[in-house]
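Everything on this sheet refers to the single structure shown next.
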Amino acid sequence: MKLEILNGHLVDPANDIDEVADLFIVGGKVAAVRKPPSAWEADHTINAANKLILPGLVELSASLRQPGQEHKATIRTETKAAAAAGITSLACLPTTNPVVDSPAEVELIEQLSQDSGHCKVYVIGALTRGLKGENLSEMAALKATGCVGVTNVLHPLKSPLVLRRAMEYASSQALTVFTHPLDHHLANHGCVHEGLTGLRLGLPGIPAAAETAALAFHLALIEELNVRTHFCRLSTWRAVNMIARAQQDHLPVTADASILHLFLTDHDIRDFDGLCHNLPPYRTQQDRDGLRKGLQDGTLSAVCADHQPHEIEAKLAPFQSTEPGSSTLESLLPLILQLVDEGVLDLKEAVRRVTQQPAEILGIAAGNLSVGSEADACVVDPELDWMLSSETLLSRGKNTPLLGHRFKGRATHTILGGKLVFQLEPE
Amino acid sequence: MRHFLDISRLDRKALTHILDTAKSFTSVDGRAVKKVPLLRGKTIVNLFFEPSTRTRTTFELAAKRLSADVLNISIATSATVKGESLLDTLFSLEAMNTDIFIVRHPESGAADFIAKHTAPHVSIINAGDGRHAHPTQALLDVFTIREHHEDFSKLRVAIVGDILHSRVARSQIEALNILGTREIRVIAPRTLLPANIEQLGVQVFQNCWQGLRDVDVIIMLRLQKERMQGAFIPSEHEYFQLYGLTPERLALASPDAIVMHPGPINRGVEISSEVADGPRSVILQQVEYGIAVRMAILSIAISTGDPGDGDEA
């Protein structure tokens, strides 16, 4: 099967391409860019005039809820939603039931993803057995079955010593540790940023120090142990500054922010809107601006959806009893384009943060359109105006504070390994 | 005003209207037959997810004096009340053609949540939600203050104690600000003061001797026994030494200052018996005025609570 995508504005940051060009795909691989291979005759042509041709997006953090939480979502529903959002690779978290802490769960997830065939799925395994923070998971076995990293997500570790040992052991297996910096004692079951909104609403707050104290603690260990670590979902400007200093000191650390943290603040929950309940919480305007600045100067190398689909009932309760997290796969691309519109990043840099950079963090071959690489790409109409609604969301999780929001820009075609896995139906 | 959820949605005019209406009901309390027929045929449900004596009984009396039928429902909160069952409880009570729910719940925002999901003919009155708000308590407090000091623009009011965990303090601060109070002070150790509290328009004092000087109203808050466990304060003894209201400290306030407390009081912890039972204490008046203020709120909610009225307060 020979596929050509013609006349699009091709943005491939990894190869420094940002121009109107054609893309040629054969046998699931990128065969050529700009000029067709010799004796070219396409089986299928996509006209991408006035559209963008991008590498398929790489998502750092999606909860697929399978096995065990199928009432929230399944691998099939969520990978289908990913494909419709231009995402061709995603990393899923071990917070399933059972927890992903042995090869059996990894193999199950990989099998279900292959059966579904909408999006490549990479697994980040549990750092500790059952995510209980006490005993190490069998990291070598996890790695052998394909895990790209390990994490304890937001589950606390029993002691600083367990963290040290877990980091050392992960490094012995050449596994990146994905860390969510939050001191659970300081967070103290809080559910919003500790600030004026939380005070007015009487909701217990999580101080910024819950993030920076945990981060400082990790950095002290990393300085000593030289362990490759990725910091997930920073929410405070102070944490961004700390990462910048650590990078100046050549510590092997990277960091990301979730797309919603780049837009929302604690102000958005003023009406007890449980859809804005998130961990870490949305913080102040100053924090949001600090994250954007960190994105601009490269301290935060990647942006992710941090996709957490829930059943409707999970958000039908007083704020503190709602489950945190939002269904965001389908908002990532339009919001990244909005950052370009708002002048935070230029188009090429914006694309880099959701393609090449997350692929590098995960250590996977994705996020670029180099000749000879897997043909994972998407075609995007940057001017297409559309509204996010629970009817149009493909994710089973309808829990997003952006319901009813109008976006500009949407994927019209998604190509996975040379095959068209999504095409937007004309309205 | 279909729902009555917190003070911040009121303006000065609406707040004063409630106080004036309450004033007119104080005469009912003094009658031989303490009833008016304003709410005859209406059904009011006291829906309490948290124990309460004072608030529940004064709401019940207020409803009965307005000739309404009252149903008291207490739901144990030892087990976390899940959202579904909270809504299911609500829907089944609504099906009994009730008119007003008076809701107390341990979680902030619970009354808002119920108001968002309730049927259009039902009014929700917040009788305390988590740390968020206790608007009827705040109204009876400013009502009590107004009975003693009419002009809020001349008043210095001190709120002393566990501001951090207090829904009462939050609602009082809002009500006092709306009424144009000259100065609102909060007095507590930092462990019991929420971050950013000064942004609510209050002066912060960590020392009683400075904070109580020349104030016209002293509102003492209850100190929950469990605060010793959370490392908020070392002991009741030290708390009383630093923040307990004694006759010596009361002497710092203006000569006609009044002493208030939302109850129930901890004698010897936040207030000495001499002060609690002394001539400046208006603690029992607060309880009495609570009935008139709650009658006012119930009658206003019913009179404007038609389905087309989307106003909330």
For residue A:249 and residue A:159, what does the FRET efficiency come to when R0 = 30 Å and r is the distance between their Cβ atoms, rounded to the nearest 0.05? 0.70
Using 7 Å Cα-to-Cβ label points, what is the residue B:224/residue A:42 separation (nm, one decimal)? 6.6
Can you give the Rg to Rh ratio of chain B, both from alpha-carbon atoms, with Rh computed by the Kirkwood formula? 0.97
Once you place label points 7 Å from the Cα toward the Cβ at residue B:303 and residue B:207, how far apart are they in nm? 5.0
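Counting pairwise Cα distances across the protein assembly as shown, what percent come out greater than 32 angstrom?
Result: 59 percent of Cα pairs exceed 32 Å.
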Return the lysines within reach of residue B:42: Cα separation strictly under 22 angstrom, same-chain partners fewer than 8 residues apart disregarded; answer none if there are no such residues. B:34, B:64, B:116
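Report the gain in length on full extension from residue A:209 to residue A:16: 0.36 nm times residue separation, minus Cα-Cα distance, nm rounded to one decimal.
Contour length minus Cα-Cα distance gives 65.6 nm.
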Could you tally up the Lys pairs in the range A:56-362 with alpha carbons closer than 28 Å? Skip any pair fewer than 8 positions apart unless they're on separate chains. 16
Over the range A:56-362, equivalent-ellipsoid semi-axes from the Cα gyration tensor in Å: 26, 23, 21
At a Förster radius of 35 Å, what calculated FRET efficiency corresponds to the Cβ-Cβ distance of residue B:119 and residue B:24, to the nearest 0.05? 0.70
Calculate how steeply helix A:329-341 sits against the longest principal axis of the alpha-carbon atoms of chain A, using the helix alpha-carbon long axis, and give the answer as 0 to 90 degrees to the nearest 10. 80
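Write out the trypsin sites (Lys or Arg not before Pro) in the range B:37-130 meeting two conditions: DSSP loop, and at most 14 other Cβ atoms within 10 Å of their Cβ.
Listed in order of number, the matching sites are B:40, B:82.
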Cβ density ranking, 10 Å radius, fewest first, applied to A:330, B:94, A:134 yields A:134, B:94, A:330
Which one of B:39, B:175, B:231 has its Cα pushed farthest toward the positive end of the charge dipole of chain B, where Lys and Arg give +1 and Asp and Glu give -1 at the Cβ? B:39
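Order these by the 10 Å Cβ neighbour count, fewest first: A:127, B:90.
Working: A:127 30, B:90 22.
Fewest to most other Cβ atoms nearby, the residues stand as B:90, A:127.
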Run through every distinct alpha carbon pair of the range A:105-145 and return the Kirkwood hydrodynamic radius in angstroms, one decimal place. 11.2
Can you give the mean number of other chain Cβ atoms that lie within 10 Å of the Cβ atoms in peptide B:101-110? 4
Which residues does the label zone of residue B:95 cover in the range B:27-65, counting backbone N under 20 Å from a point 7 Å along Cα→Cβ? B:43-48
Shielding by other protein chains, A:311-319, mean Cβ within 10 Å: 6
Efficiency by 1/(1 + (r/R0)^6): what FRET value for residue A:104 and residue A:172, r their Cβ-Cβ distance, R0 = 22 Å, to the nearest 0.05? 0.45
Where q = 0.16, 0.23 Å⁻¹, what log10 of I(q)/I(0) comes from the Debye formula for the range A:1-96, counting one point per Cα? -0.76, -1.12
Under the Kirkwood approximation applied to all pairs of distinct alpha-carbon atoms, what is the hydrodynamic radius of the range B:92-190 in Å? 15.0
HN-Hα couplings for the range A:187-203 via Karplus (6.51, -1.76, 1.60; θ = phi - 60°), in whole Hz with x for Gly/Pro, come out as 5, 6, 6, x, 9, 9, 4, 6, x, 4, 4, x, 4, 5, 7, x, 9
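Which order results if A:168, B:150 are arranged by neighbouring Cβ count within 10 Å, fewest first?
B:150, A:168
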Hey, what angle do you get for helix A:208-225 against the long axis of chain A, alpha-carbon based, 0 to 90 degrees rounded to 10? 80
Report the dimensions of the range B:210-286 along its three principal axes from the alpha-carbon atoms, largest first, rounded to Å. 37, 27, 16
No solvent, one uniform scatterer per C-alpha: report log10 I(q)/I(0) for the range B:135-286 via the Debye equation at q = 0.09 1/Å, two decimals. -0.23
Please determine, in degrees from 0 to 90 and to the nearest 10, the orientation of helix A:237-248 with respect to the longest principal axis defined by the Cα atoms of chain A, where the helix direction is its Cα long axis. 70
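No lab work stands behind these numbers, since they all come straight from the coordinates. Treat the numbers as computed from the prediction; the structure is a model and nothing was measured. Quick reminder, even Gly has a Cβ in these numbers, built from the backbone with ideal geometry, and neighbours come from all protein chains shown.
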